[in-house]
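J.: Quick one: this structure, given as structure tokens, is what I'll be asking you about.
The values are calculated or read from the model by the stated rules, or taken from the named source; none is laboratory data. None of the values given here were measured: they were computed from a predicted structure. FYI the Cβ positions are ideal-geometry reconstructions off the backbone, even for glycines, and counts take in every protein chain you see. Surface accessibility is based on the protein's heavy atoms, side chains included, excluding ligands, DNA and RNA. Shrake-Rupley method; radii C 1.70, N 1.55, O 1.52, S 1.80 Å.
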Amino acid sequence: MKILVTGTAGFIGSHLAIKLLNRGDEVVGLDNINDYYDQNVKYGRLQRGGIINSLEEGKDIEFNKLLVSKTNPNYKFIRMNLEDKEAMDELFKTQKFDAVVNLAAQAGVRYSLTNPDAYMGSNIIGFMNILECCRHNDVKNLSYASSSSVYGSNTKLPFTTEDNVDHPISLYAASKKSNELMAHTYSHLFGISTTGLRFFTVYGPWGRPDMALFLFTKAALEGKTIDVFNNGDMLRDFTYIDDIVEGIVRVIDNPRTTTPPYKVYNIGNNNPVKLMDFITAIENKLGKTIEKNFMPLQAGDVPATYADVTDLVNDLGYKPETPVQEGINKFVDWYLEFFKYDKEGNKLNG
């Protein structure tokens with residue numbers, strides 16, 4: 001298949017692109033490479049796929065110019081804003097995709113409290129452009145990122161896709177719920193198979209620098225204090241990146257045939273972990289104790305997440321299951337290599 005994957009300088013998108021290429025698909029990656037977090041991590045992900053040769057080269061990537069991977073001719077990349085309707089139209093018309101996976105979005109619950117405008121562009125207008133491009137270019141297979149954040153202040157655990165999600169408590173969550181509603185409309189009106197994926201706290205190598213695992217590992221190595229919200233009384237359904245990607249691939253390969261051809265799945269580990277146990281697993285791997293600053297629950301956050309993945313198992317025969325300690329070990333190994341630490345956690349080259 002020829003598949004457009006948006007967000008391929010991002011965490012999940014970069015891993016998905018590699019997985020699809022390894023099995024023989026043709027991938028066109030799209031990302032605007034914004035500066036929401038350390039762009040060197042984004043450049044590193046593109047370098048991993050052969051789009052650029054060095055992190056420095058990443059700074060010179062032009063907008064709306066299609067690049068070919070230096071290591072895999074089946075991988076192309078374009079720097080583009082989803083909000084650029086004219087450029088998006090041209091990309092769809094010339095590339096003729098069999099399927100689209102939309103993972104590009106402005107992420108982050110806490111960031112949405114202080115920068116709400118950022119969410120309207122890529123998450124709402126950008127997603128609208130994706131839907132319109134699929135409609136007018138006969139793309140009938142669309143998968144897209146939603147989020148466990150749509151469950152808002154729901155207290156019934158585990159979260160199921162049958163739960164009411166009409167009460168989001170962050171603008172990020174509201175934008176993701178909006179995506180689900182927009183997708184349903186296009187499935188109903190135009191017969192496009194749309195599958196929303198409610199991801200639960202994704203972690204692993206090449207992860208986002210604004211996420212807990214990255215922040216905690218960095219603090220541990222630098223001898224700094226971490227903020228632990230809700231005084232540590234948090235449960236999260238931490239889900240390893242490889243499990244997330246496997247779930248997405250199965251969704252791509254099984255477009256909906258229902259009427260309308262619409263579905264939403266939870267993709268989570270189905271095994272919530274105490275935040276303090278998660279921190280202990282990092283300490284175990286690094287052999288270091290992390291200083292902790294206990295704080296109250298922050299606005300927009302929820303005390304617990306827990307994914308019911310019954311539909312994922314019944315429909316696609318799949319259930320994430322990587323243990324947290326195993327996933328954390330793999331992340332820390334990557335972090336030490338990428339940021340140039342030795343195995344004992346000492347910074348190399350000064």
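J.: Around I267, which amide H atoms from residues at least 5 apart in sequence, or from another chain, sit under 5 Å from its own amide H, with H modelled in the peptide plane?
T.: The list, which skips near neighbours in sequence, is R198, F199, F200.
J.: Provide the FRET efficiency to the nearest 0.05 for the N137-Q298 pair, computing r from the beta carbons and using R0 = 51 Å.
T.: Calculated transfer efficiency: 0.75.
J.: What is the calculated FRET efficiency for L181 to E83, with r their C-beta to C-beta distance and R₀ = 22 Å, to the nearest 0.05?
T.: Once rounded, the FRET efficiency stands at 0.70.
J.: At q = 0.22, 0.27 Å⁻¹, what is the base-10 log of I(q)/I(0) for the range 118-193 according to the Debye formula with one equal point scatterer per Cα and no solvent? Please give it to two decimals.
T.: The calculated log intensity ratios at q = 0.22, 0.27 Å⁻¹ are -0.98, -1.22.
J.: Moving on. To the nearest 20 debye, what is the magnitude of the charge dipole of the chain about its Cα centre, counting +1 on the Cβ of each Lys and Arg and -1 on the Cβ of each Asp and Glu?
T.: Here the size comes out at about 360 debye.
J.: How high is the FRET efficiency between S54 and K340 when r is their beta carbon distance and R₀ equals 22 Å, given to the nearest 0.05?
T.: Approximately 0.90, to the nearest 0.05.
J.: Using unit Cβ charges (K, R positive; D, E negative) and no other charged atoms, how large, in debye to the nearest 20, is the dipole of the range 86-160 about its Cα centre?
T.: The dipole magnitude comes to about 360 debye.
J.: Per residue and in cubic angstrom, what volume does the convex hull of the Cα atoms of the range 207-350 have?
T.: 125 Å³
J.: Continuing with the same structure: Of all the Cα-Cα pairs you can form in the range 298-350, what percent are over 14 Å apart?
T.: 71 percent
J.: Provide, as a two-decimal number, the C-alpha radius of gyration of the range 161-290 over 2.2 N^0.38 Å, N being how many residues it has.
T.: Cα Rg divided by the expected 2.2 N^0.38 Å: 1.29.
J.: Any idea what the alpha-carbon Rg over 2.2 N^0.38 Å comes to for the range 258-321?
T.: Relative to the rule-of-thumb radius for its length, the range 258-321 sits at 1.62.
J.: Here's something else I'd like to know. For the chain, what does -39500 (n - 2.57) per DSSP helix run (n ≥ 4), summed and divided by total residues, give at 222 nm, in deg cm²/dmol to the nearest 500?
T.: -11000 deg cm²/dmol
J.: Summarise the accessible area of the range 33-136 (1.4 Å probe, protein heavy atoms) by the percent that is carbon and sulfur.
T.: Summing carbon and sulfur atoms, their accessible area is 46 percent of the total for the range 33-136.
J.: Still on this structure, I have one more. Which order do K224, K76 take by accessible area at a 1.4 Å probe, largest first?
T.: K224, K76
J.: At 1.4 Å probe size, with every protein chain present, just tell me what the per residue accessible area of the chain comes to in Å².
T.: That works out to 43 Å² for each residue.
J.: Among the listed pairs K292/K319; K42/K93; K218/K292, which have their C-alpha atoms separated by more than 23 angstrom in this model?
T.: K292/K319; K42/K93
J.: Could you work out the equivalent-ellipsoid semi-axes for the chain, taking the square root of 5 times each eigenvalue of the Cα gyration tensor, largest first, in whole Å?
T.: Here the semi-axes work out to 31, 25, 18 Å.
J.: For D163, put the label point 7 Å out on the Cα→Cβ axis and report which residues of the range 222-264 keep their amide N under 19 Å from it.
T.: Under cut-off, by backbone N: 230, 233-240, 263-264.
J.: To continue, here is another question. Can you give me the % of accessible surface on the range 215-332 that is carbon or sulfur? Probe 1.4 Å, all protein chains present, nothing else counted.
T.: 46 percent
J.: How big is D for the range 27-85, in µm² s⁻¹ as a whole number, if Stokes-Einstein is applied with the Kirkwood radius of its Cα pairs at 25 °C and 0.890 mPa s?
T.: 213 µm²/s
J.: Using just the alpha carbons, could you tell me how many Å³ per residue the convex hull of the range 226-294 encloses?
T.: 110 Å³
J.: To the nearest Å, what is the center-to-center distance of the range 110-128 and the range 238-280, using C-alpha atoms only?
T.: The two parts, judged by their Cα centres, are 23 Å apart.
J.: Still on this model: Could you put L215, L336, L235 in order of accessible surface area, largest first, with the 1.4 Å probe and the full protein assembly present?
T.: Result, largest first: L215, L235, L336.
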